[in-house]
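First up is the structure itself, then whatever we jot down about it.
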Protein chains: 2
Amino acid sequence: MDNELENLVNGIADGSVRSLAGMITCVENRTTGWLEAMKKIYSKTGHARVIGITGPPGAGKSTLTDRLTRTLLDKGLSVGVIAVDPSSPFSGGALLGDRLRMKDVSALEGVFVRSMATRGALGGLSLAARDVVKIMDAFGKDFILVETVGVGQDEIEVVKTADLVMVVCVPGMGDGIQAIKAGIMEIADIFVVNKADIEGADSVVKDIQAMLSMSTDKGKKTIQVLKTVATSGDGITELVDTLFQELEATKKKAGRQRDRIKEEIIGLLEREVSRLIHKRLDHNDKLDVSVDKILARECDPYSVVQEITDDYIK
Amino acid sequence: MDNELENLVNGIADGSVRSLAGMITCVENRTTGWLEAMKKIYSKTGHARVIGITGPPGAGKSTLTDRLTRTLLDKGLSVGVIAVDPSSPFSGGALLGDRLRMKDVSALEGVFVRSMATRGALGGLSLAARDVVKIMDAFGKDFILVETVGVGQDEIEVVKTADLVMVVCVPGMGDGIQAIKAGIMEIADIFVVNKADIEGADSVVKDIQAMLSMSTDKGKKTIQVLKTVATSGDGITELVDTLFQELEATKKKAGRQRDRIKEEIIGLLEREVSRLIHKRLDHNDKLDVSVDKILARECDPYSVVQEITDDYIK
């Protein structure tokens with residue numbers, strides 16, 4: 001590990017916010033030595049509670065994150081916020097507002113906000129987000145809120161790594177149930193119907209409850225459906241109380257933690273293997289010869305891949 | 001290869017549409033022997049021209065695909081359509097209409113339509129789509145249109161595998177330029193401003209042209225921006241003419257084909273290596289021991305991954 005990263009690791013232990021930001025950047029950019037630095041801080045992780053916040057665009061997730069952050073601060077807890085921008089190359093400007101607004105919170109003592117872009121995250125967004133969570137955790141944050149602005153599979157993978165997942169819905173988004181489709185049901189620990197002052201909030205709550213009661217996963221605990229108005233703060237106290245209760249309940253489930261660590265190892269492993277493969281192929285002109293043969297239809301990509309794996313795997 | 005797949009491979013050679021559908025299903029489900037079947041048909045691929053069609057929701061991609069299909073049919077060409085549904089768990093019902101409407105085309109002689117869901121595609125959507133393209137190609141389709149309904153990174157990866165990528169825009173989608181953001185610029189070979197009868201079409205064309213002229217990629221050829229009204233058919237003839245010209249031009253670029261084959265090999269390789277590692281880990285309780293150590297913070301996931309790669313990779 002070079003001096004810069006060593007200093008950052010030490011700085012994090014000393015509570016330097018500048019070091020926290022610096023180390024995240026180094027790890028995101030895979031600066032030489034990042035892996036050694038991550039190994040070094042790992043023993044200091046495990047304290048923070050991680051909450052994933054997801055839901056369709058316009059549900060008020062950012063405002064809710066803002067409220068949650070302030071409420072946690074009032075309780076004397078320190079907070080890290082990871083805001084994940086969507087990968088969608090078509091949704092542009094609207095998000096800027098969110099990120100700008102989030103700066104209000106980041107100016108508060110005890111809050112650290114980091115935005116992450118989906119695009120370009122080396123080795124996948126969910127792995128990159130896990131790294132950032134760990135760094136904030138090692139820094140000593142009590143709570144880490146991971147808010148995904150996007151709605152793609154990538155973003156779902158990100159919140160899945162949290163201790164607790166909050167799915168935010170709103171009234172008036174077309175069919176209430178249609179809005180919360182496959183993939184979300186399974187990951188939700190708490191449902192929040194935000195903008196509950198709008199007409200139709202109660203019917204959304206009912207829709208969600210009906211959907212939950214139909215769920216085949218009988219062994220699962222009851223999932224709460226709460227109403228909030230993030231802009232006014234209505235329902236936030238109840239939401240935070242519920243969050244604490246649920247976190248206490250999940251703490252006891254060692255199984256969930258085991259599964260998450262296994263998932264992480266497999267994710268890291270795939271990234272590492274892919275890196276090793278790329279490195280080898282870059283220094284090997286055999287691939288070019290194979291491509292020539294494939295272009296001439298003398299060979300096929302599947303057979304080439306079998307040959308390479310035979311070469312590479314013990 | 002078992003009998004069923006052998007029959008399907010033979011059926012494809014005989015032009016059986018039922019075999020075409022059956023083989024796609026087998027390959028999607030990774031039915032035992034699928035790889036041997038793919039190897040077998042590979043020598044028959046390379047004839048079809050593949051066109052990727054992408055753009056924001058509501059741009060009229062499906063209607064455009066419909067029009068293109070009919071125009072190609074009129075020229076005596078056979079067409080395969082691959083419609084990729086988005087992975088977004090939040091966008092539900094709206095898409096059904098598209099898929100239902102597409103059935104009109106699929107009833108026509110010489111057209112084969114296949115929908116693919118993002119979720120659950122084994123080993124990644126772009127690899128799965130490549131497989132389907134190859135099977136349709138081996139079947140003898142002259143043109144294969146790959147339409148992505150979604151807007152995520154996954155869908156971008158899918159159209160990137162095409163010979164030619166058409167990006168569809170529409171007037172009145174907020175900031176014209178914002179709508180076509182990073183990731184799209186680099187992959188577009190042709191821009192289509194659809195719904196060109198709506199006010200603001202010309203300004204979208206100008207925006208795109210301005211953006212293209214600012215592009216730093218100086219060596220690149222001029223990218224055309226065309227106007228269409230898919231519902232009425234206006235501009236479709238010009239679009240098809242341009243498609244043919246561009247396809248003729250890209251044909252000469254062997255480099256692009258080489259790059260695509262390389263990318264495919266690397267994708268297949270990552271999937272295969274990952275599959276092999278999963279298989280080994282499933283039959284090994286070492287992983288559970290490591291997870292215990294990590295939970296006790298005696299060890300970290302990064303070191304575990306290094307050990308595993310040292311064990312498995314030559």
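For the stretch A:276-285, which positions are among the basic types (Lys, Arg) and in contact (Cβ under 8 Å) with a residue 12 or more places away in the chain? Hit for the stretch A:276-285 is A:ARG280, nothing else. Scanning the stretch B:118-135 for residues that are among the basic types (Lys, Arg) and at pLDDT 70 or above turns up B:ARG130, B:LYS134.
For the stretch A:50-65, check the following and say yes or no: at least one residue is surrounded by fewer than 20 Cβ atoms within 10 Å (Cβ to Cβ) and without any contact (Cβ under 8 Å) to a residue 60 or more places away in the chain. For the stretch A:50-65, residues surrounded by fewer than 20 Cβ atoms within 10 Å (Cβ to Cβ) and without any contact (Cβ under 8 Å) to a residue 60 or more places away in the chain: absent. Within the stretch B:14-40, the set of residues being surrounded by fewer than 20 Cβ atoms within 10 Å (Cβ to Cβ), in contact (Cβ under 8 Å) with a residue 60 or more places away in the chain and closer than 15 Å to B:ASP137 by Cα comprises B:GLY15, B:VAL17, B:ALA21. Restricting attention to the stretch B:26-49, the residues that are over 23 Å from B:VAL159 (Cβ atoms) and among the hydroxyl-bearing types (Ser, Thr, Tyr) total 3. Exactly one residue out of A:THR45, A:THR69 is crowded, with 23+ Cβ neighbours inside 10 Å and either closer than 17 Å to A:SER106 by Cα or within 13 Å of chain B (Cβ to nearest Cβ) (or both), and it is A:THR69.
Filtering B:THR222, B:THR228, B:THR237, B:THR250 for residues that are free of Cβ contacts under 8 Å to residues at least 60 places away in the same chain and among the polar types (S, T, N, Q) leaves a single hit, B:THR222.
Within the stretch B:257-271, the set of residues being touching a residue at least 40 places away in the same chain (Cβ under 8 Å) and more than 7 Å from every other protein chain (Cβ to nearest Cβ) comprises B:ARG260, B:GLU263, B:GLY267, B:ARG271. For the stretch B:281-303, taking the residues that are in a helix (DSSP H, G or I) and more than 9 Å from chain A (Cβ to nearest Cβ), the one that is surrounded by the most Cβ atoms within 10 Å (Cβ to Cβ) is identified as B:LYS293. Here B:VAL79, B:VAL105, B:VAL111 are screened, and the one residue that is closer than 25 Å to B:GLY235 by Cα, at pLDDT 95 or above and assigned by TED's automatic domain parsing to the domain that holds B:GLU186 is B:VAL79. Determine whether A:ARG49 is farther than 16 Å from B:ASP300 by Cα and modelled with pLDDT under 90. Spelling it out, it is not the case that A:ARG49 is farther than 16 Å from B:ASP300 by Cα and modelled with pLDDT under 90.
The values are calculated or read from the model by the stated rules, or taken from the named source; none is laboratory data. Model, not experiment: these values are computed from the prediction. Every residue, glycine as well, gets a Cβ built from its backbone with ideal geometry; the counts of neighbours run over all protein chains shown.
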